[in-house]
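Report on one structure; see the data block that follows.
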Amino acid sequence: MFNRVILVGRLTKDPECRYTPGGKAVCTMRLAIDRGAVGQGAQEADFVNIVVWEKLAETCSNNLKKGRLVLVEGRLQIRQYEKDGQKREATEIVANTVRFLDKPREGAQGVEKPGVTGQRGADPLEDLGDLNLDDLPF
């Protein structure tokens, strides 16, 4: 079986980092991913929750802000939980690579250069063929 997701989008808000009782860092982010132009110039977007763990979580929390363009590679996870006595479901991407695709805005904290900030495994772009990031609609 194969479960691999690669997304490019902009953060809808600053990443939120917390620590588990065991001391592991976990960072949550939300990406807006444009679907492209629809109709008369109106655009639609999908909003996807991203979860990042450990050192990569801290790197994302320290260097990313709302509006930054990132590439996320990871796996799709659907988990069930209960809230207020009702069963619910959450769909999210558990990231193992986050690539910063733009530079921080002037005055923004974090001096990380665009590029791979962390990963477990191969470069997610190496098997995408002739993908040109300049051709993406966002």
Strands (runs of 3 or more DSSP E) wholly inside the stretch 2-89 that include at least 1 residues being within 10 Å of the chain's Cα centre (by Cα), of a type outside the set (Phe, Trp, Tyr) and modelled with pLDDT of 95 or more:
5-11, 25-38, 42-53, 69-83
Touching a Ser or Thr at 6+ places or on another chain (Cβ under 7 Å) and touching a residue at least 40 places away in the same chain (Cβ under 8 Å) - does that describe any residue in the stretch 39-49?
yes
Are there any pairs with C-beta distances below 7 angstrom linking a residue in the stretch 75-101 that is more than 14 Å from Met29 (Cα to Cα) to a residue that is loosely packed, with under 11 Cβ neighbours inside 10 Å and of a type in the set (A, V, I, L, M, F, W, C), with the two at least 6 apart or on different chains, and if so which?
Glu89/Ile78
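Here's a check for you: in the stretch 90-105, which residue that is over 11 Å from the mean Cα position of the chain (by Cα) and closer than 13 Å to Gly67 by Cα is modelled with the lowest pLDDT? Lay out the reasoning, then the answer.
Initial filter on the stretch 90-105 (over 11 Å from the mean Cα position of the chain (by Cα)): 90-91, 101-105.
The next check asks that each one be closer than 13 Å to Gly67 by Cα; those that pass are 101-105.
Values: Leu101: 93, Asp102: 87, Lys103: 82, Pro104: 77, Arg105: 71.
Of everything passing the filter in the stretch 90-105, Arg105 is modelled with the lowest pLDDT.
The values are calculated or read from the model by the stated rules, or taken from the named source; none is laboratory data. None of these values were measured; they are calculated from a predicted model. As a convention, Cβ positions derive from the backbone with ideal geometry for all residues, glycine included, and neighbour counts pool all protein chains shown.
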